[in-house]
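A.B. asks: My structure is below; once you've seen it, I'll send some questions.
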Amino acid sequence: MKDASLRARAVAALRGLARALLLACPLCGGRPVTERWVRVRPACPRCRLRLDRGEPDYWIGALLFNLIAAETLFAAGVLAVLLLTWPTPPWSALYWGSIVGMIVLPIVTYPITKLCWLAFDLVFRPSHPGDFAPAP
Ligand SMILES: [Zn+2]
């Protein structure tokens, strides 16, 4: 009984994460949930879930996820270049590419990490009736 509940929650968490990676609502998969690349809509167009859950500082956790995603992608990229070009890595290209990457990667991953944060939050704080905006 307890294993089934845990398994169901794990499946729901993975489904929410997959939906977030596809820029969809982690709760229902509704789209579009972004207005411009860096801006998430106030509510999901399908299920009306308020995407900031009605909290003014809600996206602070998303900044942590953004930092982790950008740093992980950066490290993976540097490691891949080093492994593919060893023993003569292109140090100048790595230097300038790193600067560009550390500027571009947080912007590119920003909406995705916001929705991943929402998916993560929904695992630990499931939605309740107060999380939903009234129909327009
Ligand atoms: Zn939704």
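Nothing in this text is a laboratory measurement; each read-out follows from the coordinates by a stated rule. What you see is a predicted model; the values in this text were computed from it and never measured. Counting neighbours? That spans all protein chains shown, and the Cβs are built from the backbone with ideal geometry, glycine included.
Listed here are the residues, each with its yes/no results for (1) loosely packed, with under 13 Cβ neighbours inside 10 Å; (2) in a loop (DSSP other than H, G, I, E, B).
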| residue | (1), (2) |
| --- | --- |
| R7 | yes, no |
| V11 | yes, no |
| G16 | no, no |
| P26 | no, yes |
| R31 | no, yes |
| E35 | yes, no |
| R46 | no, yes |
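A.B. asks: Those residues that are over 23 Å from V40 (Cβ atoms) and either among the β-branched types (V, I, T) or exposed (fewer than 14 other Cβ atoms within 10 Å of the Cβ) (or both), I need them from region 66-81; list them, please.
C.D. replies: In the first step, residues of region 66-81 are kept if they are over 23 Å from V40 (Cβ atoms); the result is 74-81.
A75, A76, V78, L79, A80, V81, listed by residue number.
A.B. asks: Would you check which residues across region 39-66 are within 12 Å of the ligand (Cβ to nearest atom), charged (D, E, K, R) and touching a residue at least 12 places away in the same chain (Cβ under 8 Å) and list them?
C.D. replies: Matches in region 39-66: R46, R48, R50.
A.B. asks: Name the residue that is nearest to Y110 (Cα to Cα), counting only residues in region 24-38 that are away from the ligand (no atom under 12 Å from the Cβ) and touching a residue at least 60 places away in the same chain (Cβ under 8 Å).
C.D. replies: Per the criteria, the residue is V38.
A.B. asks: Which of (1) over 16 Å from F120 (Cβ atoms); (2) in contact (Cβ under 8 Å) with a residue 24 or more places away in the chain; (3) within 16 Å of the ligand (Cβ to nearest atom) is the odd one out, the single condition F74 does not satisfy?
C.D. replies: (3)
A.B. asks: Further question: Out of D57, D3, which single residue is out of contact with any Pro (no Cβ under 9 Å at 6 or more places or on another chain), surrounded by fewer than 18 Cβ atoms within 10 Å (Cβ to Cβ) and over 17 Å from R125 (Cβ atoms)? It would help to see each step written out before you state the result.
C.D. replies: Details: D57 fails: over 17 Å from R125 (Cβ atoms).
Every option except D3 fails the conditions.
A.B. asks: Out of all the residues in region 101-136, which are crowded, with 16+ Cβ neighbours inside 10 Å and among the basic types (K, R)?
C.D. replies: K114 - this is the single residue of region 101-136 that is crowded, with 16+ Cβ neighbours inside 10 Å and among the basic types (K, R).
A.B. asks: Hey, another quick one. I'm told C116 meets every condition in (1) assigned to a loop (DSSP other than H, G, I, E, B); (2) touching a residue at least 12 places away in the same chain (Cβ under 8 Å); (3) away from the ligand (no atom under 14 Å from the Cβ); (4) on the phi < 0 side of the Ramachandran plot except one. Can you identify the failing condition by its number?
C.D. replies: Checking C116 against (1) assigned to a loop (DSSP other than H, G, I, E, B); (2) touching a residue at least 12 places away in the same chain (Cβ under 8 Å); (3) away from the ligand (no atom under 14 Å from the Cβ); (4) on the phi < 0 side of the Ramachandran plot, the one that fails is (1).
A.B. asks: From S92, S98, grab the single residue that is exposed (fewer than 10 other Cβ atoms within 10 Å of the Cβ) and part of a helix (DSSP H, G or I). Explain how you work it out, then say what you get.
C.D. replies: Details: S98 fails: exposed (fewer than 10 other Cβ atoms within 10 Å of the Cβ).
Answer to the check: S92.
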